[in-house]
Amino acid sequence: MNLPSEAQILIINAVILGVAYLGIYPSFKHITPIKMMMADSVLSGLSLLVAGALFWGTGVEFSMLLFSTNWFGFAILTMLLMELPLFHWFCQKRGLKPFQIDEE
C-alpha cells in the first residue's frame, strides 16, 4: 500500500498527538500549559525528525489546498492545526487556563 505523502505526515502527527494527549499529558501529576508546551516542543521535533527522514531531499511538494509547501512547512502547519483543538479540549477538561504564564 502506497499512501500519499500528505497522508503519511498526517498519520505521523496524529499518532504523536494521540500518544501525547491520551498517554503522556494525563500521566503528569501536576500539569500546566507551560509543561505541556515544553513537552510539545520535543514531540514536534520528533514529528519533524520522522518527516525529515522520509522526505528530506526528495523534492516532494505538499498541498495545503491553497498553496504548496515542502515537508517541513507541511509537518509544522498540520501539527499546529491538529493540535489547537486538542489543546483547547484538554485545558477545558483539566480546568487549565490555556495561556497562563505563571507556574503556580
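The values are calculated or read from the model by the stated rules, or taken from the named source; none is laboratory data. Just so it is clear, the model here is predicted, and its values are computed rather than measured. Cβ sites come from the backbone with ideal geometry, for glycine too, and all protein chains shown count toward neighbours. Areas reflect the complete protein model, heavy atoms only, side chains present, ligands, DNA and RNA absent. Shrake-Rupley method; radii C 1.70, N 1.55, O 1.52, S 1.80 Å.
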Legend entry - Unmet requirement for V42, which otherwise passes all of (1) in contact (Cβ under 8 Å) with a residue 12 or more places away in the chain; (2) of a type in the set (V, I, T); (3) open to solvent by 50 Å² or more (accessible area, probe 1.4 Å): (1)
Inset, instruction - Kindly check whether there is at least one residue in segment 93-101 that is in contact with a strand residue (DSSP E or B) (Cβ under 8 Å, 6 or more places away or on another chain) and surrounded by 11 or more Cβ atoms within 10 Å (Cβ to Cβ). - result: no
Inset, instruction - Answer yes or no as to whether S68 is in contact (Cβ under 8 Å) with a residue 24 or more places away in the chain and either among the acidic types (D, E) or more than 27 Å from W89 (Cβ to Cβ) (or both). - result: no
Inset, instruction - Please go through segment 12-42 and pick out each residue that is among the β-branched types (V, I, T) and closer than 19 Å to L96 by Cα. - result: I24, I31, T32, I34
Inset, instruction - Test I76 against the criterion of being open to solvent by 40 Å² or more (accessible area, probe 1.4 Å), within 18 Å of the chain's Cα centre (by Cα) and at pLDDT below 85, and give yes or no. - result: no
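Just to be sure I understand, how many residues within segment 16-36 are open to solvent by 70 Å² or more (accessible area, probe 1.4 Å) and either of a type in the set (S, T, N, Q) or touching a helix residue (DSSP H, G or I) at 6+ places or on another chain (Cβ under 9 Å) (or both)?
3
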